[in-house]
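> Got a structure here, written out as structure tokens. Questions coming.
Coordinate-derived values only; no laboratory data. On a predicted model such as this, the values are computed, not experimentally measured, just so you know. Cβ atoms come from the backbone with ideal geometry, glycine included; neighbour counts cover every protein chain shown.
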Amino acid sequence: MRRRVYGAVLAVGVLLASAACSSADSGEAESKAGTESRTIRPVEGCGATSWTDPSDLSPTRTAARCSSGTPAPQPLPKSRKLTIATGTLSAEYVAPLQVALDKGEFKKEGLDVTLKVLPTPDSLPLLAKGDIDALWAAPEAAVMNGIRGGFDIKWVAANFSPDPKSKSGLWVRLKEGESAERVAMAGRKMGTMIGKGSVIAYPMEKALEKHGGGLDRIQYQQLGSADVLTALQNGGVDSAWLLDPVWRKVDGEAGYAFLGGQPLGEPLGGMLYGRTLLQDDVDAGVALLRAYIRTVNTYFAADYKTDATYVTYLAKLLHTDRAILESTPSLRMDWEIRAGTTDRLQSAYRAQGVAEGDALPESETVDRSLYEEAVGHRP
């Protein structure tokens, strides 16, 4: 969510042309063929709490969980080498992948996994061609435009939703007479390190509309991560999207108000698969998600920051300062994808003017079958 994608959205469209000719006609039918005939068996340790109804959008929804250490590994007959691209290796939302690698959870499945740092626009053509196997990112505008252009890519597992105590999101400098309940956002200049086309457009739109704004009624000023807060504090911008843990600098300070962040209980990113794991090697695709889900159940099942030893371990693994990691609430790790999320994202992209063509139905953007198989849930 922190990557800059706006400048690359149209460039990705150019890369789509060759893929569209070969895959647009058969992509959806082949995608179904890769998983529809697979047998789903009950999984020990993954009972009724291992799946929640995707239509449940309650902010207080309890995330799906299996017992610690489950689902148990099912080593593949032959080891597979897989490459997962990610925009960063130090952000907290990447921690489950880092821990799974460090604790040998991928190896238990017969997977030799490499994490490779690549921005989403650069990763998409590689994912579609099979040069990389998975992408830890989000269904951003570039992804939606790629699918529309013929890339066989699906969002197959989610990552996290924020803790209710988190205030990562839209902050504003209050003008005279304004309060957090009533802010005139139309026409204001907003500083953000997140360009147009990011999944943050969706929660940003919700926050702005409550205060007379809208994605098409504000001015954007893209800034470096170190400059966003400074610009807000010195008046260079009227509002800003502040990430963890930057928002701590203005929380409780007079003259600032938090207008909203990522919806509670609704992940906006996670694992994206291309044809390799959707079609050619579904066993490896399920094994990868099984290792990821087992890592969440074992190491991120609840408030993991209450364990000081574990926080020290995470800080070292992510190469970040422990004090910074402790300054914000634990993320609510969640592998399930909510119904309608990609619909809402595409609506926001259209409002920003970075979506091409008609909106894609969820059947072309999301595939829940692999994580359902990993936990033994029969739809």
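> Take 294, 332 and order them by how many other Cβ atoms sit within 10 Å, fewest up front. Please report the intermediate quantities before stating the final value.
Numbers: 294 28, 332 21.
Ordered by Cβ neighbours within 10 Å, fewest first: 332, 294.
> Which parts of the stretch 174-213 would a label at residue 249 reach, counting a residue when its backbone N lies under 19 Å from a point 7 Å out along Cα-to-Cβ?
Counting backbone N atoms under 19 Å from the label point, the list is 174, 189-195.
> Let me ask you something else. Lysines near residue 196 by alpha-carbon distance under 23 Å, same-chain residues fewer than 8 away left out - which ones?
The qualifying lysines are 154, 167, 206, 210.
> For the stretch 169-261, just run the numbers: alpha carbon Rg, then divide by 2.2 N^0.38 Å, N being how many residues it has.
Working: Rg = 11.7 Å, N = 93, 2.2 N^0.38 = 12.3 Å.
Normalised by 2.2 N^0.38 Å, the Cα Rg of the stretch 169-261 equals 0.95.
> Can you list the lysines whose alpha carbon is less than 18 Å from that of residue 81, not counting same-chain residues fewer than 8 positions off?
Within reach: 103, 107, 108, 116, 129.
> For the stretch 285-357, what does the convex hull of the Cα positions come to per residue, in cubic angstrom?
Details: hull volume 12.5 nm³, N = 73.
In the stretch 285-357, the Cα convex hull volume per residue is 172 Å³.
> Express the relative contact order of the stretch 169-261 as a whole percentage, based on alpha carbon pairs under 8 Å and six or more residues apart in sequence. Before the final figure, lay out the partial values.
On the way: 151 pairs, mean separation 46.0, N = 93.
That works out to 50 percent.
> Here is a further query. Sorting 324, 132, 84 on the 10 Å Cβ count, fewest up front, what's the list?
Details: 324 14, 132 22, 84 25.
Least crowded to most crowded, the residues run 324, 132, 84.
> Can you give the Rg and Dmax of the chain based on its C-alpha atoms, in angstrom?
Using the Cα atoms of the chain, the pair Rg, Dmax is 20.5, 68 Å.
> While we're here: At a Förster distance of 25 Å, what's the computed FRET efficiency of residue 216 paired with residue 339, Cβ-Cβ distance as r, to 0.05? Numbers along the way, then the final one.
Details: r = 27 Å, r/R0 = 1.06.
Given R0 = 25 Å and the Cβ-Cβ separation, E is 0.40.
> Taking only Cα atoms, what is the 0 to 90° angle, nearest 10, from helix 6-23's long axis to the longest principal axis of the chain?
30
> For a quick check, take a GNM of the chain with Cα springs below 10 Å and name the residue from 63, 100, 91 with the largest mean-square fluctuation.
91
> Distance from a point 7 Å along Cα→Cβ of residue 176 to each backbone N in the stretch 242-276: keep the residues under 17 Å and list them by number.
In the stretch 242-276, the label zone of residue 176 (backbone N under 17 Å from the point 7 Å along Cα→Cβ) covers 255-256.
> Still on this structure: Quote the charge dipole size of the chain about the Cα centre in Debye, to the nearest 20; the model charges only the Cβ of Lys and Arg (+1) and of Asp and Glu (-1). Please report the intermediate quantities before stating the final value.
Details: 43 positive and 47 negative charges, 129 e Å.
Roughly 620 debye, rounded to the nearest 20.
> Please list, or write none, the aspartates and glutamates whose alpha carbon is within less than 19 Å of the alpha carbon of residue 305, excluding same-chain residues fewer than 8 places away.
92, 102, 163, 244, 321, 326, 334
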